[in-house]
Amino acid sequence: MKVCIFFDVDNTLFPTAEFAELARRNAIRAMIETGLDATEEQIYKELQRLIKEKGSNYPNHFDLILKRIGVKRPARFVAAAVAAYHNTKSSIQPYPEVPKTLMELKERGYKLYVATNGDAVKQWDKLIRMGIHLFFEDVFVSGEVGEEKSPHFFRKVLAEIKAHPSECIMVGDRMDSDIAPAKKLGIYTIRVLQGPYSKEKGKADAHISNFSELLGVVKRL
């Protein structure tokens, strides 16, 4: 029987929350170094409010922040912020245990896939920058599938790869978007207890605190 393993991306394959804060702070510092008359904490708090209001995928965070604080000619500050943010992206790395574990799983014949929420281009960008995209048979992102992860999302994906829920495993860090919808469909679930959602209530079929534990859990199934 074939075994298909689906992976979430953010806070499962790499420390998204830590990277996001670093990239945003680097962008803010770049604006200040370019001459913006504001403190780092002032702008960071405004950015947090804006992300909560507009979402993390809103494309004009820096433009709107500068408008809100009354900057009349924001172009140079936006350019500095965007450059610093993208320079930070060049340092993106997966959790240390991820590449080796993915390689071992693939060598043992498991079919590896990504199942994640977000914008397809941004999620592919992360996988390519981390150098792990070639481990996966295919990548399914909510932005392309047409809906965020849900039982129906997984039905679409399983139909695409011609797999039954009993042949599949979902690995992720969040109960609401990774574990619960997959489990409802009958997919075996493994929750990675790392990142900002590690204290979230709820149980998967198995739990790991380090990605290196994954192979052992899969082998015991």
*Tell me which residues, restricted to the stretch 129-146, are touching a strand residue (DSSP E or B) at 6+ places or on another chain (Cβ under 9 Å), surrounded by fewer than 17 Cβ atoms within 10 Å (Cβ to Cβ) and assigned to a helix (DSSP H, G or I).*
His133
*Within the stretch 152-172, can you find the residues that are in a loop (DSSP other than H, G, I, E, B) and surrounded by 16 or more Cβ atoms within 10 Å (Cβ to Cβ)?*
Ala163
_Pair list, Cβ < 7 Å and 6+ apart or interchain, from the stretch 193-221 residues that are over 18 Å from Asp10 (Cβ atoms) and touching a residue at least 60 places away in the same chain (Cβ under 8 Å) to residues that are among the hydrophobic types (A, V, I, L, M, F, W, C) and part of a loop (DSSP other than H, G, I, E, B)_ = none
*Of the residues Lys126, Lys149, which single one is touching a Pro at 6+ places or on another chain (Cβ under 6 Å) and either part of a loop (DSSP other than H, G, I, E, B) or surrounded by 17 or more Cβ atoms within 10 Å (Cβ to Cβ) (or both)?*
Lys149
*From Lys149, Lys122, grab the single residue that is under 27 Å from Asn26 (Cα atoms), under 14 Å from the mean Cα position of the chain (by Cα) and outside the structural domain of Ser56 (by TED's automatic domain parsing).*
Lys122
*If you scan the stretch 91-111, which residues turn out to be under 23 Å from Ala159 (Cβ atoms) and either of a type in the set (Asp, Glu) or touching a Cys at 6+ places or on another chain (Cβ under 8 Å) (or both)?*
Tyr110, Lys111
_Being over 21 Å from Pro94 (Cβ atoms), under 20 Å from the mean Cα position of the chain (by Cα) and either of a type in the set (Val, Ile, Thr) or assigned by TED's automatic domain parsing to the domain that holds Asn57 (or both) is the requirement here; does Val171 meet it?_
no
_Subset of the stretch 74-107 that is farther than 23 Å from Lys45 by Cβ and part of a loop (DSSP other than H, G, I, E, B) - its residue that is modelled with the lowest pLDDT_ = Ser90
*When both residues are 6+ apart or on different chains and their Cβ atoms are under 6 Å apart, which pairs have a first residue that lies in the stretch 22-42 and is over 23 Å from Ile92 (Cα atoms), and a second that is modelled with pLDDT of 95 or more?*
Thr34/Arg76; Thr34/Phe77; Thr34/Ala80; Leu36/Phe77
*Right, Lys201: in the same structural domain as Lys111 (by TED's automatic domain parsing), out of contact with any His (no Cβ under 9 Å at 6 or more places or on another chain) and assigned to a helix (DSSP H, G or I) or not?*
no
*asked:* For the list (1) basic (Lys, Arg); (2) modelled with pLDDT under 95; (3) closer than 24 Å to Pro94 by Cα, I need the number of the one condition that Arg191 fails.
replied: (2)
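The values are calculated or read from the model by the stated rules, or taken from the named source; none is laboratory data. The model shown is predicted, which means the values in this text are computed figures rather than measured ones. Heads up, the Cβs are rebuilt from the backbone with ideal geometry, glycines too, and the neighbour counts pull from every protein chain shown.
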